[in-house]
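**Student:** I have a structure I would like to understand better, so I am pasting it below and will then ask my questions one at a time.
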Amino acid sequence: MIFEVGEELRLKKAHPCGSDRFKVIASASDVKIECLGCGHRLIMEIDKLKRSVKARIGSGNDRKNQENP
C-alpha cells in the first residue's frame with residue numbers, strides 16, 4: 001500500500017480533536033499526515049499507518065478532476 005501526497009485517509013482511531021480524517025503531506029519510509037479537524041501534523045511509520053487506516057477517501061487530485069470535467 002503506497003500513500004500518495006494529497007490523499008485523504010480515515011483512521012480507525014480518532015485524533016483527540018474528534019476528527020478521524022487525515023491528509024497525506026509527505027510519503028517516504030515515514031508518512032507525514034495532517035489532521036483535517038485541527039491541522040495538527042503527525043509523522044508515522046508506514047507500517048503503523050497501514051494498520052491504522054480504516055478507509056482511503058481519495059486524493060485531492062481526484063476531487064479537482066471531478067469538479068472541473
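**Student:** Residue pairs, Cβ under 8 Å, 6 or more apart or interchain, first in the stretch 34-45 and within 17 Å of R10 (Cβ to Cβ), second in a loop (DSSP other than H, G, I, E, B) and open to solvent by 50 Å² or more (accessible area, probe 1.4 Å). List them.
**Tutor:** E34/H40; C35/C17; G37/C17; G37/G18; C38/C17; H40/C17
**Student:** Based on this model, can you work out whether V5 counts as aliphatic (A, V, I, L, M) and within 16 Å of A55 (Cβ to Cβ)?
**Tutor:** no
The values are calculated or read from the model by the stated rules, or taken from the named source; none is laboratory data. Keep in mind that what you see is a predicted model, and the values were worked out from it rather than measured. Note: ideal-geometry Cβ built from the backbone for every residue, glycine included; neighbour counts use all protein chains shown. Note: accessible area is taken over every heavy atom of the protein model, side chains too, but ligands, DNA and RNA are not part of it. Shrake-Rupley method; radii C 1.70, N 1.55, O 1.52, S 1.80 Å.
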